[in-house]
């Protein structure tokens, strides 16, 4: 009797898992395998694919735009992630401290996160407009010459970063708030009794105990930033003069505008390798923290 | 002490208001005529509701909104239908190969959507799902994130509840639907909100998959609007932005209580 | 018996009505232009009860992507709009249906000659052009009068040479305290269209007849980039995007404006804008070449040819070209001589002021890969304007890139 139940049990389990598995296979694993294959071919969507071995990679090596795009992506990650982590932590601390209007504050900071990317980018692009945008007007008020942010080769990327940070930290603040609320106040009270001041409490209690959140925010933001496409595409289309073009945008252009499918995929693969490192880290950390929980 | 509290509160509130300035401006600008916008005014010299009329008449805003709604809702519901049983199986059932299937389900984390966008597009095209909302919904269904969050939560539910139900004669399906699922509500809410937001805000994939402007989702449509129509300038574009944002803001205000709770609980 | 006959006849008519051929047409025209196209399509449908043309608007920047993927997937529209410049990219790949046997000789002979040649590839006709749209100079009458740039009769002074334009622009800008003397978008407008205009006026060629390849004259390319850069270093022009450039001009904040004729669908309707339009200035001693693009209709290739649909599609596009005087309300110049000289066209506001531009139009060479080169030109143009590339570096970059793409 027990064996029969176990068998049916197993069958049922497979059944439960089957739809997910089938869809995963078809829409993730198979395209993934294909994506690796495509790298070795030249194909322009009209004709038949032609095997060219490592041809796409040799092309990549000498392609100035590829290297520039790769750098722009990395530059974006470097500029974006630290402010997101630090600012969301600090603002969460602020909201969590002994002040009033907590609900209003939490909603206010989260609100931008609920907006669609297009709304955020179109609005900010207008704010950045040097001829009639609000930022320009405020600069004029202080006697400064308005900067043409999105057309300035130096400022364009930082401007896009600022918009991204504004858009994203809402969610990270919520994560930090959740983490902060889990720290028992007794820890702080004990520390205060021991004579620790505000800063010491933050450095020795708060920050270490939020390790899981730090890591979660850090890794998810790095992975998301590496894939950056929308904000740049909408605000500068990779300009000015290609100075903000990210790797994903270059992949999109080569693949969907000039139809160099194999080449585009080869570059996407490079991006994937970079992300793989972080995705693997994220996975290990998630499993580790999950294991912790079950003990 | 109380003084410090007042000071911090004022600082925090001012900070929040400054933080919201872009949103406030967006709202005000949607009521301004082009002259006002070009003069960088804050308050419109007269409240120009015509922008809203223009945008509603000229742009397919309602269509795009419906497209986004259908695809985000359809995908979210589909994800729950597909991933809840999978998570349940992998977290609360014993069967040969469970560990392998669990690891397999996590591979989705390693495969970022944009790395496979091109072959995925070609595949979707072969299925005839290009320019179709199903082309957004179906590929979104196998979500490793959903399975992970759900299974993590389900694993932590004590066996007692399940055993009690089984003693009462419940079968596997009953246990899943009537015992485990209700207790996993915070995780379900988190998964729902996360995925709904992701799919609603997705820009890259709908950009590739949709070919006619009738099928655009809201983000893609808004950008197309801002980029191409020569007659629709700044005021109406801002009106479009406001209209596009209102529903989500409203939903958030309702859901926010659940969201924080859900996040807190799934962080544990 | 009679009843049966009547019923059969009715049925037959009913079936005939049902036997409408439906044609999908992809366009990227919006706003004022879009209305004109829709009106024309409605008129065609009314005049041809056996054909129904259904319009599909695709966003300007996405049309070629989507068209290519649709053709590759085997379900493209029956008709699509296409810039003449991009024709070789598609025709060379076998993506289009040859039209020689579908368009009437009368129409073909009516064409302004240079245009028709470009609509061919490898000896076959692949496109039916229905307009040409040159780059022109817009000027704000109110501002110029305020700046005192009028002659004895009180008429606004029109610059005939580049030097004249720059001096007028400078004068107006300084006297009226404006942001710019000329407003224009920097990528496409300056990097490609103005570039091509000035380069051609210098006598530069794009196409080498002997070797049948794209070949640029590096010396003249460099001079052109130097000229473009000078416009910005002098402060007369400032980098901006397309909507901003238009807004500044429309709201009386810039005395001059570079743009194509396509805005003529909108500008005359704007209250408070008193403007004129004329051909671009010339380098003294050279022919008044101006950049112009051209819109055409093409019939994409399907895996299996449907002769009824192709015939209906061909009928539509030929009809459209013949009725282009209506379309010309959008500002474009017709390309059929009969239409160009018709009352319907010449009677439109201000057309007489720039119809003469049609004589010296320059457009892209008829080679595969030009789309990519063109987009690269936008970028290089921006780099030069922003001071990120010297004219010398830009020249090398462009020449090399062209060589690369053509060889690909």
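Nothing in this text is a laboratory measurement; each read-out follows from the coordinates by a stated rule. Every value quoted in this text rests on a predicted model; they were computed, and no experiment measured them. Positions of Cβ are backbone-derived with ideal geometry, glycine not excepted, and every protein chain shown enters the neighbour counts.
Note down, for segment B:1-47, the three equivalent ellipsoid semi-axes (square root of 5 times each alpha carbon gyration tensor eigenvalue), biggest first, whole angstrom.
Gyration-tensor ellipsoid for segment B:1-47: 33, 8, 7 Å.
Rounded to the nearest 0.05, what FRET efficiency do residue A:71 and residue C:146 have when you use their Cβ-Cβ distance and R0 = 45 Å?
On the way: r = 48 Å, r/R0 = 1.07.
The pair residue A:71/residue C:146 has a calculated efficiency of 0.40.
Which percent, nearest 5, of DSSP beta bridges in the protein assembly as shown are antiparallel? Write out the running numbers ahead of the final one.
Values: 30 of 44 bridges.
Around 70 percent antiparallel, to the nearest 5.
With the cut-off at 1.5 for a/c, could you classify segment A:19-294 from its C-alpha gyration tensor as rounded, prolate or oblate? Can you show the working numbers first?
Numbers: a/c = 2.56, a/b = 1.39, b/c = 1.84.
Note, shape of segment A:19-294 comes out oblate.
Taking neighbour Cβ counts within 10 Å as the exposure measure, how do A:48, C:161, C:233 sort from fewest upward?
Values: A:48 7, C:161 13, C:233 10.
Lowest to highest Cβ neighbour count: A:48, C:233, C:161.
At q = 0.10, 0.16, 0.18, 0.20 Å⁻¹, work out log10 I(q)/I(0) for segment B:113-216 with the Debye formula, treating every Cα as an identical point scatterer and leaving solvent out; two decimals please.
The Cα Debye sum returns log10 ratios of -0.44, -0.78, -0.87, -0.97.
Using only alpha carbon pairs under 8 Å that are at least six residues apart, calculate the relative contact order of segment A:19-294 and give it in whole percent.
On the way: 299 pairs, mean separation 81.2, N = 276.
Rounded, it is 29 percent for segment A:19-294.
Using Cα-Cα distances under 8 Å and only pairs 6 or more residues apart, what relative contact order does segment C:182-322 have, in percent? Mind dumping the intermediate values first?
On the way: 119 pairs, mean separation 45.4, N = 141.
This gives 32 percent for segment C:182-322.
Beyond 35 Å, what share of the Cα-Cα pairs of chain B is found? Please give it as a whole percent. Walk me through the intermediate numbers first.
Working: 12731 of 35778 pairs.
It works out to 36 percent of all Cα pairs.
Quick one: C:269, A:73, fewest Cβ neighbours within 10 Å first, how do they rank?
C:269, A:73
What per residue convex hull volume, in Å³, comes out for segment C:297-339 when only alpha-carbon positions are used?
On the way: hull volume 3.2 nm³, N = 43.
It comes to 74 Å³ per residue, whole-number rounded.
Taking neighbour Cβ counts within 10 Å as the exposure measure, how do C:295, C:48 sort from fewest upward?
On the way: C:295 25, C:48 16.
Lowest to highest Cβ neighbour count: C:48, C:295.
Percentage of Cα-Cα pair distances in segment A:223-263 greater than 18 Å, rounded to whole percent?
Numbers: 207 of 820 pairs.
For segment A:223-263, the share of Cα pairs beyond 18 Å comes to 25 percent.
Where in segment A:128-150 is the amide nitrogen less than 20 Å from a point lying 7 Å along the Cα-to-Cβ axis of residue B:24?
The answer is A:128-129, A:132-142.
Checking a compactness column here: for segment C:145-229, what do you get for Rg(Cα) / (2.2 N^0.38 Å), N being the number of residues?
On the way: Rg = 16.9 Å, N = 85, 2.2 N^0.38 = 11.9 Å.
Compactness ratio reported: 1.42.
Shape call for segment C:166-311 from the C-alpha gyration tensor, a ≥ b ≥ c root eigenvalues: rounded (a/c under 1.5), prolate (a/b greater than b/c) or oblate? Each step should come with its number before you reach the end.
On the way: a/c = 2.62, a/b = 1.35, b/c = 1.94.
Here segment C:166-311 falls in the oblate category.
Return one number: the angle in degrees, 0 to 90 and rounded to the nearest 10, between the long axis of the Cα atoms of helix B:144-155 and the longest principal axis of the Cα atoms of chain B.
Long axis of B:144-155 versus the principal axis of chain B: about 50 degrees.
Give the angle, between 0 and 90 degrees and rounded to the nearest 10, that separates the Cα long axis of helix C:307-322 from the longest principal axis of the Cα atoms of chain C.
Roughly 40 degrees between the two axes.
Let me know the Rg and Dmax you get for segment A:86-137 when you use only its Cα atoms, in Å.
Spelled out, the Cα radius of gyration and Dmax of segment A:86-137 are 14.8, 43 Å.
What percentages make up the Cα-Cα pair-distance distribution of segment A:32-190 when the bins are 10 Å wide from 0?
Result, from short to long distances: 9, 22, 24, 22, 15, 7, 1, 0 percent.
Given a Förster distance of 30 angstrom, what is the FRET efficiency for residue B:43 paired with residue B:254, based on the Cβ-Cβ distance and rounded to 0.05?
Details: r = 30 Å, r/R0 = 1.00.
Between residue B:43 and residue B:254 the formula returns 0.50.
Where does the protein assembly as shown land on Rg(C-alpha)/(2.2 N^0.38 Å)?
Details: Rg = 31.1 Å, N = 971, 2.2 N^0.38 = 30.0 Å.
Computed over Cα atoms of the protein assembly as shown, the ratio equals 1.04.
Rounded to two decimals, what ratio of Rg to Rh does segment B:34-138 give with C-alpha atoms and a Kirkwood Rh?
1.23
Sort A:105-113, B:218-226 by the packing proxy (mean of other Cβ within 10 Å over each peptide's residues), most packed first.
Numbers: A:105-113: 21.1, B:218-226: 26.3.
Order by mean packing, descending: B:218-226, A:105-113.
Using only the alpha carbons, work out the radius of gyration and Dmax of segment C:243-327 in angstrom.
19.6, 55
Can you tell me how segment C:308-377 classifies by the Cα gyration tensor, rounded, prolate or oblate, using a/c under 1.5 as the rounded cut?
Oblate, because a/c is 1.5 or more while a/b does not exceed b/c.
Kindly work out what percent of the DSSP beta bridges joining two residues of segment C:1-152 are antiparallel, to the nearest 5.
Numbers: 2 of 11 bridges.
The antiparallel proportion sits near 20 percent.
Relative to the longest principal Cα axis of chain C, at what angle does helix C:2-18 sit, 0 to 90 degrees, rounded to 10?
30 degrees
Could you sort B:146-159, C:197-210, B:167-180 so that the peptide with the highest average Cβ count within 10 Å comes first and the rest follow in order?
Numbers: B:146-159: 20.7, C:197-210: 17.5, B:167-180: 14.4.
Descending packing order for the listed peptides: B:146-159, C:197-210, B:167-180.
For segment B:148-178, list residues with backbone N below 12 Å from a point placed 7 Å from the Cα of residue B:198 toward its Cβ?
Within reach of a label on residue B:198, which here means backbone N under 12 Å from a point 7 Å along Cα→Cβ, segment B:148-178 contributes B:148-150.
If you build a Gaussian network model of chain A, linking Cα atoms that sit under 10 Å apart, which residue out of A:125, A:196, A:266 swings the most?
Its mean-square fluctuation being the largest, the pick is A:196.
Would you calculate the separation in nanometres between label points at residue A:200 and residue B:69, each defined as 7 Å from the Cα along the Cα-to-beta-carbon direction?
In this crude label model, residue A:200 to residue B:69 measures out at 5.8 nm.
Fully extended, how many nm does the chain gain between residue A:51 and residue A:181 (0.36 nm per residue separation, minus their Cα-Cα distance)?
Numbers: separation 130, 0.36 × 130 = 46.80 nm, distance 5.71 nm.
Difference between extended and current length: 41.1 nm.
Just to verify a number: FRET efficiency for residue C:407 and residue C:52, C-beta to C-beta distance, R0 = 60 Å, to 0.05?
On the way: r = 45 Å, r/R0 = 0.75.
Given R0 = 60 Å and the Cβ-Cβ separation, E is 0.85.
In percent, what relative contact order does segment A:145-295 have, based on Cα pairs under 8 Å that are 6 or more apart in sequence?
24 percent
For all pairs of alpha-carbon atoms in chain C, what percent lies in each bin of width 10 Å, listed from the first bin to the last filled one?
Pairs per bin, as whole percents: 4, 21, 29, 24, 13, 5, 2, 1, 0.
Let me know the whole percent of all Cα-Cα pairs from segment A:119-259 that are separated by more than 23 Å. Don't skip to the answer; put the middle values down first.
Values: 5380 of 9870 pairs.
Of all Cα-Cα distances in segment A:119-259, 55 percent exceed 23 Å.
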